[in-house]
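K.L.:
Could you have a look at this structure, given as structure tokens, before my questions?
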Amino acid sequence: MSAQEVLAGFVHLDEKGRIAITKPIREAFGLHAGSTVAWVKVANGLMIIPQDRYLAQLMDDATAALERAGLTSDDLLSGLDETRAEVTTEHYGEGYFVRLRETAAKRDATTKP
């Protein structure tokens, strides 16, 4: 039976809530161990959408955009710590990192033997 002939089927969830996708369907959509799929609740149903091709295209597009801009991934990562601190401070306030360090110090003081 080819994947084009398989339009519907049944599967059982295993003890961890996982489902198996049959081989013809995996082959038709190029799915393999480690593939990414999106799921969407639609009314009383569940739609599963393969994402590997989409994610590969997204990565190619991002790489091309970086190349056009003359940037490397190291260029993007070089200011990450400063940017993270700015965004965190803007969102949580000036004293966030102080409170975070104090909380961690208290936790460490109570958990050390």
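Quick note: the coordinates plus some simple rules give every number you see, no bench work behind them. Nothing here was measured: the structure is a model prediction, and the numbers come from that model. Glycine gets a Cβ as well: all are built from the backbone with ideal geometry, and neighbour counts include every protein chain shown.
K.L.:
Using θ = phi - 60° and the Karplus form 6.51 cos²θ - 1.76 cosθ + 1.60, what ³J(HN,Hα) does each residue of the range 39-44 get, whole Hz, x for Gly and Pro?
P.N.:
10, 9, 7, 10, 6, 9
K.L.:
Placing unit charges on C-beta atoms (Lys and Arg positive, Asp and Glu negative, everything else neutral), compute the dipole magnitude of the chain about its Cα centre in debye, rounded to 20. Spell out each step's value before the answer.
P.N.:
Working: 13 positive and 17 negative charges, 137 e Å.
It works out to roughly 660 debye.
K.L.:
Using Cα atoms only, what is the angle between the long axis of helix 80-92 and the major principal axis of the chain, expressed in degrees (0 to 90) to the nearest 10?
P.N.:
80
K.L.:
Continuing with this model, one more query. To check my understanding: the extent here is largest minus smallest coordinate of the Cα atoms along each principal axis. What are those three numbers for the chain, in Å, largest first?
P.N.:
63, 48, 33
K.L.:
Taking the Cα centre of the chain as the origin and placing charges on Cβ (Lys, Arg +1; Asp, Glu -1), which of L77, L7, A62 is farthest toward the positive end of the dipole?
P.N.:
Towards the positive end, the residue furthest out is L7.
K.L.:
If you don't mind, another one. How far is it, in nm, from the label point at H12 to the one at R84 when both lie 7 Å from their Cα along the line to the Cβ?
P.N.:
4.5
K.L.:
Right, another one. Once every DSSP H run of n ≥ 4 in the chain is given -39500 (n - 2.57) and the sum is divided by its residues, what mean residue ellipticity at 222 nm do you get, rounded to the nearest 500 deg cm²/dmol?
P.N.:
On the way: 5 runs with 60 residues, N = 113.
My calculation for the chain gives -16500 deg cm²/dmol from helical runs alone.
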